[in-house]
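The values are calculated or read from the model by the stated rules, or taken from the named source; none is laboratory data. Not measured: the values here are computed from a predicted model. Neighbour counts run over all protein chains shown; Cβ positions are idealised from the backbone, glycine included. Remember, those area values only see protein heavy atoms, side chains included, never the ligands or the DNA or RNA. Shrake-Rupley method; radii C 1.70, N 1.55, O 1.52, S 1.80 Å.
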Amino acid sequence: MSSAISDSFSIYGEQFTSRLLIGSALYPSPAIMADSIVASGAQVVTVSLRRQQSVAAGDDFWQLIKDTGLKILPNTAGCHSVKEAVTLAQMCREVFATDWIKLELIGDEYNLQPDPFALLEATKILLAEGFKVLPYCTDDLVLCQRLADAGCEVLMPWGAPIGTGKGLLNQYNLKTIRKRLPNTTLIVDAGLGLPSHACQALELGYDAVLLNSAIAGAGCPVTMSHAFKAAVDAGRFAYRAKAMPEKDVAAPSTPTMGMPFWHQEFGIKNKN
C-alpha cells in the first residue's frame, strides 16, 4: 500500500495531497484564522471578495491569505442571480489572479439552498469564459450530471444546509452521485459540524471536504483544525482499506466449533 503522501487527487489538473479545503471567514481573529489554516494542513483556502470591508482591512486580510502560500479559491458567496454571480466571478479573477471560482448562487434565504437552474446557467457562462468552475450544489443526482455534462471536472454537493453542522443528511444521495460520476472529483461542501462527518464523507469515496463554520465556530478553532485533519486522513485510509461486508446477523469473532485454542494447547497436557 502506498504512503498517504502519494495518495493525491486532482482539481482541474492540479494535484493535492491534503483532502481538506478550508474557508477564511467567521474566525474570532485574523491570527486565529491564520493558525487554524496552518493546523489544518490544507493546500486550498477559499476567500470571498465581499469580506473586504475597507481598502485597508482588505489589504491586511489579503496579505494574511497570501502569507499562507496556499492555492486561492475565490467564491461568489451571497449572490442571488446569474448576472450577479458572473460579475463577481469576473472581479475575483482580476483581484485574485486565478481562473478558479467556487460558484455559489443562493435560491432560498431560509436554508441557503443553491438555485439549481441559475447555477447551471451561470456555470455554462463561466466555463465558456475560461473559468475552472467548482459549483456548490445540492445532493441532486440529475443536477450533478448536468453540471458534469456542461464541463465541470469538480462538483461540491452539500452534506446539509450551510452552517448547520448537521453532517451528511442523505448518505444515499451522496453514494449515488459517487457511483454514477466515478471520474469526477467530488468534494462535500457545507453542513459538516464534527470531524466524524468529514470522516464519513471520505469513507464514501469523496475526494475531499470543504469546511469553514465547523472550524471557525469551534471553541478552539486551531485544535478543531487538527481534529478535522486527522479525521480526513482516517476516512481516506478507511476507504482505501475497504470495509468489511455489512451483515444482518451476528458473526462471532472467536471459534464456536471445538475447543478454544488455549484448551487445545494446554488441556491435553494436563489430562494426566
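Put simply, of I72, I101, I106, I125 the only residue that is modelled with pLDDT of 90 or more and touching a His at 6+ places or on another chain (Cβ under 8 Å) is I106. Taken over the range 64-93, the criterion of being in a loop (DSSP other than H, G, I, E, B) and of a type in the set (S, T, Y) is satisfied by T76, S81. Comparison of K83, K132, K66, K124 shows that the only residue that is in contact (Cβ under 8 Å) with a residue 60 or more places away in the chain and open to solvent by 50 Å² or more (accessible area, probe 1.4 Å) is K132. Just to check your reading of the model, which residue among L204, L211, L192 is modelled with pLDDT of 95 or more, under 23 Å from I106 (Cβ atoms) and in contact with a strand residue (DSSP E or B) (Cβ under 9 Å, 6 or more places away or on another chain)? On inspection, the qualifying residue turns out to be L192.
Scanning the range 208-222 for residues that are in a helix (DSSP H, G or I) and open to solvent by 20 Å² or more (accessible area, probe 1.4 Å) yields a total of 2. Could you tell me which residue of the range 135-163 is least open to solvent (accessible area, probe 1.4 Å), considering only residues that are among the β-branched types (V, I, T) and modelled with pLDDT of 95 or more? Per the stated criteria, the residue is V154. In the range 234-251, the residues that are free of Cβ contacts under 8 Å to residues at least 60 places away in the same chain form Cβ pairs under 7 Å with partners that are assigned to a loop (DSSP other than H, G, I, E, B), at six or more places apart or across chains, as follows: Y239/G205.
Here the condition is being within 17 Å of G205 (Cα to Cα) and part of a loop (DSSP other than H, G, I, E, B); of L169, L155, it holds for L169 alone. When D108, D139 are checked against the criterion of being part of a loop (DSSP other than H, G, I, E, B) and over 26 Å from Q15 (Cα atoms), a single residue qualifies: D108. Might you check whether a residue that is modelled with pLDDT of 95 or more, buried (at least 19 other Cβ atoms within 10 Å of the Cβ), under 25 Å from P161 (Cβ atoms) and touching a Leu at 6+ places or on another chain (Cβ under 9 Å) occurs anywhere in the range 232-247? Yes: one or more hits.
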